[in-house]
1. Going by the conditions given, is V65 aliphatic (A, V, I, L, M), at pLDDT 85 or above and buried (at least 19 other Cβ atoms within 10 Å of the Cβ)?
2. For the range 336-366, give me each residue that is closer than 23 Å to D290 by Cβ and charged (D, E, K, R).
3. Return the only residue of D227, D207 being touching a residue at least 60 places away in the same chain (Cβ under 8 Å), under 30 Å from K304 (Cβ atoms) and not hydrophobic (A, V, I, L, M, F, W, C).
4. If I ask for residues that are touching a Ser or Thr at 6+ places or on another chain (Cβ under 8 Å) and over 18 Å from I327 (Cα atoms), which ones from the range 56-71 would you list?
5. Considering only residues that are surrounded by 13 or more Cβ atoms within 10 Å (Cβ to Cβ) and among the small types (G, A, S), look in the range 200-222 and name the one that is farthest from S237 (Cα to Cα).
6. Take the range 312-335 and flag every residue that is among the hydroxyl-bearing types (S, T, Y) and closer than 23 Å to L289 by Cα.
7. What residue, among those in the range 159-199 that are within 30 Å of E219 (Cβ to Cβ) and acidic (D, E), is surrounded by the most Cβ atoms within 10 Å (Cβ to Cβ)?
8. Out of the residues in the range 348-366 meeting the condition of being in contact (Cβ under 8 Å) with a residue 40 or more places away in the chain, part of a strand (DSSP E or B) and not basic (K, R), tell me which one is nearest to K412 (Cα to Cα).
Amino acid sequence: MRKLVAVFTLLLLSLLLKAQVNHQPQQRLKVFIDCSNTGCDYTFIKTEINIIDFFLDNQAADVHVLITEQSTGSGGSQYQLIFFGQNRFKNLSDTLHFNTDPNATDFEERDLLVKYIKLGLTPYIIKAGGGNDIAIEMKKAGGKKQDSINAVTKDPWNYWVFRVGANGHLSQDEIYKSSRVSSNLAANRVTEELKVGFETYGSIYTDSYNLEDSSGNKEKIVNKNKDYNFQHYLIKSIDDHWSYGYEAALSRNSFSNNKLRALFRTGIEYDIFPYKQVNTKFFTLSYTLDVRRNTYYDTTLYYKLEETLFGHGAEANISFNQKWGTIEFGMEYHNYFHDWKYLNLNVNGGVDIRITGGLSFNFYAYAELSRDQIYLLKAKADATVVLTRQRQIASAYNFFTQFGLSYRFGSKLNNFVNPRFD
């Protein structure tokens, strides 16, 4: 009898424990949204997706969503969303792509981005036990007939995109007045095999200063600079790693003493990684040859009013955009053949890395060594010319840097949206 009671008790406890486990609430999916390469409307994302938990710590999340963006030839954008499964979902990862229309508004772009975030998170939400909260609709809007997914889209413009624009700027106070008028026109065609473009730009800058010395004498200084540029380029794909092309340009810039500059440059580029991986990583090396014909407004530092210059350049660019952060580095070198001391070397680099879940470090620096300012005026500039920036002044180098370290601690969860007094 005692054995029967013991068996019955064990069976009852087992049933009770099983019922308790079955009635435990499912754990919501923990997601970290990473928009380090592009801008995201986090408020909109949180309000449109409320069946998951948004985490501020990427290492504590179940899914790390890395969102990157590249410009397309039509003027729109191509987004790439990589879903890195972590912790209990470490064996589940996926990648989605979508393109936006070049005329799409910010509202339309963010709406499409949220749609693809939902699509990518669906398998994770289902595996986390939240499938009952998902609503799926798979029909074309308006009951339109579904086009074949394999149909070739015909473009009546043959992928040509045209842009025209004009803008102005005016600011003024009692002492200083600044105005700017500019216009631009461009025609570009971009496919996977060929990139070709024609662009023209013109701008007039006017600055005026009302100065008064200690004796009460007043003087008005007016500074006007003009900048015009026409450019044509063609880039041809060879394979997944190689490409070549050329650039031709005509320009005038009174600030830099260039009355007319004609440039022709051609070169070749190699990407160590396939070009299709540009959203996450690229490492390009390029070499170019160039010829320039310069005509100047006034005599240069080297007593020239016009000259023809031949030169060459090399450039390297590296970028890695992964879920641990972003690293970018670039270096460019150019010199003229007639005298190799006339050179320009610039380097730039930046990192934005999450060291731990809440600790991140960012750094950016740019440095340029300029020994090729052969176009500058010979005449010395007085204080007034320098301060009012009437023309470009010789400088052997320039440098810029910014850096920061941040640490966040406390709650890792933040699903709430509160726009009051924003």
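1. Details: aliphatic (A, V, I, L, M): yes; at pLDDT 85 or above: yes; buried (at least 19 other Cβ atoms within 10 Å of the Cβ): yes.
Here the answer is yes, as V65 does meet what is asked.
2. Initially, the range 336-366 is screened for residues closer than 23 Å to D290 by Cβ, giving 336-348, 366.
Once the filter is applied, which keeps residues that are closer than 23 Å to D290 by Cβ and charged (D, E, K, R), the range 336-366 yields D339, K341.
3. Values: D227 fails: touching a residue at least 60 places away in the same chain (Cβ under 8 Å).
Every option except D207 fails the conditions.
4. Those that are touching a Ser or Thr at 6+ places or on another chain (Cβ under 8 Å) and over 18 Å from I327 (Cα atoms): L56, Q59, S71.
5. Among them, the one singled out is S208.
6. Selection gives Y333 alone.
7. D173
8. Going through the qualifying residues, I end up with L359.
The values are calculated or read from the model by the stated rules, or taken from the named source; none is laboratory data. Just so we're clear, the structure is a prediction, and the values are computed from it rather than from any experiment. In this analysis, Cβ positions are derived from the backbone assuming ideal geometry, glycine residues included, and neighbour counts consider all displayed protein chains.
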